[in-house]
1. Looking at region 168-194 only, could you name the residues that are of a type in the set (A, V, I, L, M) and touching a residue at least 12 places away in the same chain (Cβ under 8 Å)?
2. Consider K42 carefully, then state whether it is open to solvent by 50 Å² or more (accessible area, probe 1.4 Å) and at pLDDT 80 or above.
3. For region 165-215, what are the residues that are out of contact with any helix residue (DSSP H, G or I) (no Cβ under 9 Å at 6 or more places or on another chain) and part of a strand (DSSP E or B)?
4. Against the definition (under 16 Å from the mean Cα position of the chain (by Cα) and either open to solvent by less than 80 Å² (accessible area, probe 1.4 Å) or modelled with pLDDT of 85 or more (or both)), how does E62 come out, yes or no?
5. Go over the candidates A184, A177 one by one and state the one that is open to solvent by 80 Å² or more (accessible area, probe 1.4 Å) and among the hydrophobic types (A, V, I, L, M, F, W, C).
6. Give me a count of the residues in region 105-128 that are among the β-branched types (V, I, T) and over 24 Å from F192 (Cα atoms).
7. Among (1) open to solvent by 50 Å² or more (accessible area, probe 1.4 Å); (2) more than 22 Å from I124 (Cα to Cα); (3) touching a residue at least 60 places away in the same chain (Cβ under 8 Å), where does E165 come up short?
8. Would you check which residues across region 195-218 are in contact (Cβ under 8 Å) with a residue 40 or more places away in the chain and under 23 Å from D118 (Cβ atoms) and list them?
Amino acid sequence: MAESSGSPHRSLYKLGSPPWKEAFRQGCLERMRNSRERLLSKYRQAGGNMPGRAQNTFLVQEVIEEEWNALQSMEGCPEALAQLEELMDLAVLEEVQQELIDQEQSIISEYEKSLQFDEKCVSIILSEWEANSLICPVCTKYNLRITSGVVMCQCGLYIPAHSPELTEQKLRTCLDASVSEHSAHCPHTPEFSVTEGAEEKSSLLMSCLACDTWAVII
(Lines give C-alpha, C1' and ligand atoms only; values in the text may rest on other atoms or scores of the structure.)
Protein backbone atom coordinates (compact mmCIF):
# COMPACT_ATOMS: atom_id res chain seq x y z
CA MET A 1 0.00 0.00 0.00
CA ALA A 2 1.31 3.46 -0.86
CA GLU A 3 2.21 5.75 1.97
CA SER A 4 -0.11 8.65 2.62
CA SER A 5 0.97 12.01 1.19
CA GLY A 6 1.32 13.41 4.68
CA SER A 7 3.66 10.73 6.09
CA PRO A 8 7.08 11.86 7.33
CA HIS A 9 8.80 9.12 5.31
CA ARG A 10 7.25 10.27 2.04
CA SER A 11 7.78 13.97 2.70
CA LEU A 12 11.48 13.27 3.15
CA TYR A 13 11.73 12.67 -0.60
CA LYS A 14 9.53 15.48 -1.87
CA LEU A 15 11.00 17.99 -4.27
CA GLY A 16 12.51 20.85 -2.37
CA SER A 17 13.52 18.59 0.53
CA PRO A 18 17.21 17.97 1.47
CA PRO A 19 19.47 16.56 -1.33
CA TRP A 20 18.82 12.96 -2.36
CA LYS A 21 22.02 11.69 -0.84
CA GLU A 22 21.10 13.01 2.61
CA ALA A 23 17.43 12.02 2.29
CA PHE A 24 18.23 8.40 1.40
CA ARG A 25 20.90 8.27 4.12
CA GLN A 26 18.49 9.53 6.79
CA GLY A 27 15.81 7.08 5.71
CA CYS A 28 18.17 4.10 5.98
CA LEU A 29 19.62 5.16 9.33
CA GLU A 30 16.16 5.71 10.80
CA ARG A 31 15.07 2.30 9.57
CA MET A 32 18.12 0.70 11.24
CA ARG A 33 17.39 2.49 14.54
CA ASN A 34 13.81 1.25 14.46
CA SER A 35 15.03 -2.31 13.77
CA ARG A 36 17.14 -2.58 16.93
CA GLU A 37 15.21 -5.52 18.40
CA ARG A 38 15.29 -7.39 15.07
CA LEU A 39 19.05 -6.84 14.86
CA LEU A 40 19.70 -8.06 18.40
CA SER A 41 17.50 -11.10 17.78
CA LYS A 42 19.68 -12.05 14.78
CA TYR A 43 22.78 -11.40 16.86
CA ARG A 44 21.58 -13.69 19.67
CA GLN A 45 20.62 -16.38 17.14
CA ALA A 46 24.19 -16.23 15.85
CA GLY A 47 25.39 -17.07 19.34
CA GLY A 48 26.54 -13.55 20.16
CA ASN A 49 29.24 -13.63 17.49
CA MET A 50 29.98 -10.83 15.05
CA PRO A 51 30.15 -11.72 11.33
CA GLY A 52 33.52 -13.12 10.32
CA ARG A 53 34.32 -10.39 7.84
CA ALA A 54 33.60 -6.66 7.95
CA GLN A 55 31.42 -6.79 4.83
CA ASN A 56 29.22 -9.49 6.39
CA THR A 57 26.45 -7.92 8.44
CA PHE A 58 23.24 -8.96 10.14
CA LEU A 59 20.75 -6.39 8.85
CA VAL A 60 22.43 -3.77 6.61
CA GLN A 61 21.41 -5.28 3.27
CA GLU A 62 17.84 -5.83 4.43
CA VAL A 63 17.54 -2.22 5.60
CA ILE A 64 18.78 -0.86 2.27
CA GLU A 65 16.42 -3.11 0.30
CA GLU A 66 13.46 -2.23 2.53
CA GLU A 67 14.13 1.49 2.10
CA TRP A 68 14.37 1.05 -1.67
CA ASN A 69 11.13 -0.97 -1.80
CA ALA A 70 9.37 1.65 0.32
CA LEU A 71 10.30 4.30 -2.20
CA GLN A 72 9.14 2.21 -5.14
CA SER A 73 5.72 1.88 -3.51
CA MET A 74 5.26 5.65 -3.54
CA GLU A 75 2.83 6.85 -6.20
CA GLY A 76 3.10 9.97 -8.28
CA CYS A 77 6.85 10.43 -7.91
CA PRO A 78 8.38 9.35 -11.25
CA GLU A 79 10.94 12.14 -11.14
CA ALA A 80 11.97 11.15 -7.64
CA LEU A 81 12.43 7.50 -8.59
CA ALA A 82 14.44 8.44 -11.66
CA GLN A 83 16.75 10.53 -9.50
CA LEU A 84 17.11 7.76 -6.96
CA GLU A 85 17.96 5.17 -9.62
CA GLU A 86 20.77 7.45 -10.72
CA LEU A 87 21.84 7.83 -7.11
CA MET A 88 22.00 4.06 -6.57
CA ASP A 89 24.61 3.76 -9.35
CA LEU A 90 27.00 6.11 -7.56
CA ALA A 91 29.43 5.66 -4.69
CA VAL A 92 26.77 7.17 -2.44
CA LEU A 93 25.38 3.68 -1.84
CA GLU A 94 28.73 2.53 -0.46
CA GLU A 95 28.84 5.51 1.89
CA VAL A 96 25.35 4.78 3.22
CA GLN A 97 26.20 1.10 3.55
CA GLN A 98 29.29 1.89 5.63
CA GLU A 99 27.29 4.18 7.91
CA LEU A 100 24.75 1.42 8.44
CA ILE A 101 27.54 -1.05 9.26
CA ASP A 102 28.93 1.40 11.83
CA GLN A 103 25.47 1.92 13.34
CA GLU A 104 24.81 -1.82 13.47
CA GLN A 105 28.10 -2.41 15.27
CA SER A 106 27.35 0.47 17.66
CA ILE A 107 23.97 -1.06 18.62
CA ILE A 108 25.59 -4.45 19.24
CA SER A 109 28.42 -2.86 21.25
CA GLU A 110 25.91 -1.04 23.47
CA TYR A 111 24.03 -4.30 24.00
CA GLU A 112 27.26 -6.12 24.90
CA LYS A 113 28.13 -3.45 27.47
CA SER A 114 24.73 -3.87 29.14
CA LEU A 115 25.32 -7.64 29.33
CA GLN A 116 28.75 -7.14 30.87
CA PHE A 117 27.24 -4.82 33.47
CA ASP A 118 24.65 -7.45 34.42
CA GLU A 119 27.36 -10.14 34.61
CA LYS A 120 29.40 -7.90 36.90
CA CYS A 121 26.37 -7.38 39.16
CA VAL A 122 25.85 -11.15 39.45
CA SER A 123 29.54 -11.62 40.23
CA ILE A 124 29.42 -8.99 42.98
CA ILE A 125 26.35 -10.59 44.56
CA LEU A 126 28.00 -14.02 44.60
CA SER A 127 31.24 -12.58 46.01
CA GLU A 128 29.38 -10.82 48.82
CA TRP A 129 27.51 -13.99 49.72
CA GLU A 130 30.75 -15.97 49.86
CA ALA A 131 32.85 -13.41 51.75
CA ASN A 132 30.39 -12.01 54.27
CA SER A 133 27.42 -12.93 56.40
CA LEU A 134 24.49 -13.98 54.26
CA ILE A 135 23.16 -10.80 52.61
CA CYS A 136 19.42 -10.57 52.11
CA PRO A 137 18.83 -11.20 48.37
CA VAL A 138 15.66 -9.06 48.42
CA CYS A 139 17.05 -5.78 49.79
CA THR A 140 20.79 -6.62 49.21
CA LYS A 141 21.54 -4.35 52.18
CA TYR A 142 21.10 -6.16 55.50
CA ASN A 143 22.18 -9.58 56.73
CA LEU A 144 19.70 -12.42 56.96
CA ARG A 145 19.09 -14.12 60.30
CA ILE A 146 17.86 -17.69 60.53
CA THR A 147 16.52 -18.98 63.81
CA SER A 148 14.91 -22.42 64.08
CA GLY A 149 14.42 -22.33 60.31
CA VAL A 150 12.69 -18.91 60.31
CA VAL A 151 14.30 -16.46 57.88
CA MET A 152 14.27 -12.77 58.85
CA CYS A 153 15.79 -9.47 57.74
CA GLN A 154 15.70 -5.85 58.95
CA CYS A 155 14.08 -4.88 55.65
CA GLY A 156 10.91 -6.68 56.75
CA LEU A 157 11.49 -10.02 55.08
CA TYR A 158 9.97 -12.82 57.12
CA ILE A 159 9.65 -16.40 55.94
CA PRO A 160 8.21 -18.95 58.41
CA ALA A 161 10.13 -22.16 58.92
CA HIS A 162 9.87 -24.56 56.00
CA SER A 163 12.42 -26.81 57.66
CA PRO A 164 13.83 -26.53 61.20
CA GLU A 165 17.17 -27.75 59.81
CA LEU A 166 17.56 -24.70 57.54
CA THR A 167 20.79 -22.81 58.23
CA GLU A 168 22.56 -19.84 56.66
CA GLN A 169 25.00 -22.18 54.95
CA LYS A 170 22.22 -24.32 53.46
CA LEU A 171 20.36 -21.23 52.22
CA ARG A 172 23.60 -19.79 50.80
CA THR A 173 24.17 -23.04 48.91
CA CYS A 174 20.63 -22.90 47.47
CA LEU A 175 21.05 -19.26 46.41
CA ASP A 176 24.46 -19.88 44.82
CA ALA A 177 23.16 -22.88 42.89
CA SER A 178 20.06 -21.04 41.63
CA VAL A 179 21.98 -17.93 40.54
CA SER A 180 24.68 -20.00 38.83
CA GLU A 181 22.09 -22.13 37.01
CA HIS A 182 20.30 -19.00 35.79
CA SER A 183 23.57 -17.34 34.69
CA ALA A 184 24.39 -20.38 32.57
CA HIS A 185 21.60 -19.51 30.12
CA CYS A 186 20.83 -15.82 30.78
CA PRO A 187 23.30 -12.92 31.30
CA HIS A 188 20.80 -10.69 33.10
CA THR A 189 20.61 -10.21 36.87
CA PRO A 190 17.70 -12.05 38.52
CA GLU A 191 15.54 -10.47 41.21
CA PHE A 192 14.36 -11.94 44.50
CA SER A 193 11.02 -11.48 46.23
CA VAL A 194 8.83 -13.08 48.88
CA THR A 195 5.52 -14.63 47.90
CA GLU A 196 2.63 -13.93 50.22
CA GLY A 197 0.19 -16.75 50.68
CA ALA A 198 -2.99 -16.69 52.78
CA GLU A 199 -3.03 -20.46 53.22
CA GLU A 200 0.50 -21.52 52.32
CA LYS A 201 3.73 -20.35 53.95
CA SER A 202 5.62 -17.49 52.31
CA SER A 203 8.45 -18.51 49.99
CA LEU A 204 11.60 -16.91 48.62
CA LEU A 205 11.29 -16.57 44.85
CA MET A 206 13.96 -15.81 42.21
CA SER A 207 12.68 -14.42 38.91
CA CYS A 208 14.02 -12.84 35.73
CA LEU A 209 11.94 -10.68 33.39
CA ALA A 210 14.54 -10.91 30.63
CA CYS A 211 14.26 -14.68 30.12
CA ASP A 212 10.81 -15.07 31.73
CA THR A 213 11.87 -17.69 34.28
CA TRP A 214 11.38 -18.16 38.00
CA ALA A 215 12.41 -20.55 40.74
CA VAL A 216 11.41 -21.18 44.34
CA ILE A 217 14.48 -21.03 46.60
CA ILE A 218 12.75 -22.00 49.86
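1. L171, L175, V179, V194
2. Considered against the rule, which asks whether it is open to solvent by 50 Å² or more (accessible area, probe 1.4 Å) and at pLDDT 80 or above, K42 comes out as yes.
3. E191, S193, V194, T195, S203, L205, S207, W214
4. Details: under 16 Å from the mean Cα position of the chain (by Cα): no; either open to solvent by less than 80 Å² (accessible area, probe 1.4 Å) or modelled with pLDDT of 85 or more (or both): yes.
No, not satisfied.
5. Values: A177 fails: open to solvent by 80 Å² or more (accessible area, probe 1.4 Å).
Answer to the check: A184.
6. So the first thing to find is which residues in region 105-128 are among the β-branched types (V, I, T), and the list is 107-108, 122, 124-125.
Filter again for over 24 Å from F192 (Cα atoms), leaving 107-108.
Qualifying residue count for the region: 2.
7. (3)
8. First, pick out the residues of region 195-218 that are in contact (Cβ under 8 Å) with a residue 40 or more places away in the chain: 201-204, 206, 217-218.
L204, M206, I217, listed by residue number.
The values are calculated or read from the model by the stated rules, or taken from the named source; none is laboratory data. These numbers were taken from a predicted model, which means no experiment stands behind them. Note: ideal-geometry Cβ built from the backbone for every residue, glycine included; neighbour counts use all protein chains shown. Calculation scope for accessible area: heavy atoms of the full protein, side chains included, ligands and nucleic acids excluded. Shrake-Rupley method; radii C 1.70, N 1.55, O 1.52, S 1.80 Å.
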